[in-house]
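Following: one structure in structure tokens, then a few remarks.
What follows is calculated from the coordinates using simple rules that are stated; it is not laboratory data. This one's a predicted model, so the numbers in the text were calculated from it and none came from an experiment. In this analysis, Cβ positions are derived from the backbone assuming ideal geometry, glycine residues included, and neighbour counts consider all displayed protein chains.
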Amino acid sequence: MGFPLQWCKWIRGILKSARSSALVNGSPTFEFGCEKGIRQGDPISPFLFIIVMEALSVLFRRAVHIGAFDGINLPNNGPIVSHLVFADDVMIFGEWSTFNFLNLKRILRVFHICSI
């Protein structure tokens with residue numbers, strides 16, 4: 001998405017440096033590194049979600065543009081809607097067909113591979 005290299009290093013550092021501990025009978029345990037992602041409630045979570053969902057949006061817009069996914073045509077020459085992104089959810093809209101289902105699986109697989 002064209003972010004500066006330094007900014008990407010900062011985000012990577014945040015993700016790799018996350019540490020947590022658990023409370024057992026009111027006493028904290030030793031700290032351990034978080035294996036995946038960031039901690040719950042981390043202030044940067046919503047921002048990172050928006051960036052990641054922008055990548056998914058690009059995949060859907062491109063799929064609709066090249067005819068690989070049929071979104072819902074709104075009436076009165078309205079736009080074609082293929083997805084909506086909310087605060088922490090994504091809704092996917094499309095024609096009910098085997099073609100759409102197979103390509104939806106492909107889109108989500110590409111998204112998964114890119115986000116590992």
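For this structure, a couple of remarks:
- Net charge of the neighbourhood of Val85, taken over other residues with C-beta under 14 Å away and scored Lys/Arg +1, Asp/Glu -1, is -2.
- GluC sites (Glu not before Pro) restricted to the stretch 15-116 and DSSP loop, no more than 13 other C-beta within 10 Å: Glu31, Glu35, Glu95
- Given the chain, longest segment not containing exposed loop chymotrypsin sites (Phe, Trp or Tyr not before Pro) (DSSP; at most 10 other Cβ within 10 Å): 31-85
- 3J(HN,Hα) couplings calculated from phi for the stretch 76-83 with the Karplus curve 6.51 cos²θ - 1.76 cosθ + 1.60 (θ = phi - 60°) are, in sequence order, 6, 6, x, x, 8, 9, 10, 6 Hz; Gly and Pro show x.
- Simple spin-label estimate for Glu54 and Asp88 in nanometres, 7 Å along Cα-Cβ: 2.2 nm
- This model, with +1 at the C-beta of Lys and Arg and -1 at the C-beta of Asp and Glu, gives the chain a dipole about its Cα centre of some 420 debye.
- Placing unit charges on the Cβ atoms of the charged side chains and taking the dipole of the chain about its Cα centre, the candidate lying farthest along the positive direction among Gly78, Ala55, Gly94 is Ala55.
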